[in-house]
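Below is one structure; the comments refer to it alone.
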Amino acid sequence: MKRVAVLLALLLAGCATAQPVSLDAQGDGATFVVVRHAEKAGDGNADPALAPAGVERARALARLLAAAPLVAAYATPFRRTQLTAQPAAGLHGIPVTLYDPARPATDFAASLRKDYARGTVLVVGHSNTAPAIASALCACAVAPLGEDDYDAIYVIRVRSDGTRSLQAGRQSLATP
């Protein structure tokens with residue numbers, strides 16, 4: 001039985017239209033939402049903040065997760081990942097926990113699965129780390145991201161019996 005239903009606007013790989021998908025938070029497992037940081041400012045800074053479109057994408061992500069039982073939010077030490085995670089974390093009154101993007105995805109995913117048996121966990125990474133983290137969480141293949149792919153979203157469900165599933169799509173900036 002679904003206890004929480006949040007409509008996520010997802011664009012399935014290769015599809016032309018967004019598909020609403022429910023993000024359920026059943027008592028028998030955990031849900032991991034893995035995204036790449038939102039659009040970064042092109043100001044030449046080595047650690048850029050978010051561009052205006054990125055700020056809006058981070059706010060849209062917070063709206064998408066508003067009804068979810070968000071129990072943790074993770075971001076790398078870079079400003080762009082922290083600024084992407086902060087609106088959702090702030091809405092739920094939880095801190096953004098930093099993780100090392102150089103840590104092997106399999107190790108990080110195992111730690112997440114061990115630490116979170118229930119609830120929803122947000123993980124914000126980079127184009128070269130988010131697919132690997134999603135893949136390690138679901139134990140399935142995930143396509144790489146391009147340098148301009150800022151809207152990818154991966155929803156991985158890990159049930160208490162160990163079964164895992166992945167819904168991969170695109171995050172809309174539209175208000176759900």
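Where a number appears in this text, it was derived from the coordinates with a stated rule and is not lab data. The model shown is predicted, which means the values in this text are computed figures rather than measured ones. Positions of Cβ are generated from backbone atoms using ideal geometry, with glycine treated the same way; all protein chains shown enter the neighbour counts.
Only the Cβ atoms of Lys and Arg (+1) and of Asp and Glu (-1) were treated as charged; on that basis the dipole of segment 29-89 about its Cα centre amounts to roughly 100 debye. Each Lys or Arg adds one and each Asp or Glu subtracts one; over the other residues with Cβ under 9 Å from the Cβ of Phe32, this totals +2. Once Lys and Arg get +1 and Asp and Glu get -1 on their Cβ, which of Val55, Ala134, Tyr150 lies farthest toward the positive end of the dipole of segment 7-170? About the Cα centre, the residue reaching furthest to the positive side is Ala134. Rounded to the nearest 20 debye, the dipole magnitude of segment 7-170 is 300 debye, with +1 charges on Lys and Arg beta carbons, -1 on Asp and Glu beta carbons, and the Cα centre as origin.
This model, with +1 at the C-beta of Lys and Arg and -1 at the C-beta of Asp and Glu, gives segment 48-142 a dipole about its Cα centre of some 140 debye.
Ordering Val35, Thr97, Ala117 by the projection of their Cα atoms onto the charge dipole of segment 7-170, which places +1 on the Cβ of Lys and Arg and -1 on the Cβ of Asp and Glu, puts Ala117 at the extreme positive end.
Exposure proxy shown here: for Thr106, Thr76, the number of other Cβ atoms within 10 Å sets the order, fewest to most, as Thr106, Thr76.
Distance between the pseudo-spin-label points of Arg159 and Ala110 (7 Å out from Cα toward the beta carbon): 2.4 nm.
Converting the Cα gyration tensor eigenvalues of segment 7-170 into ellipsoid dimensions via √(5λ) gives semi-axes, longest first, of 22, 17, 16 Å.
Amide H contacts of Thr97: Ala73, Tyr74, Ala75, each under 5 Å away and 5 or more positions distant or on a separate chain (H built 1.01 Å from N in the peptide plane; Pro and chain starts excluded).
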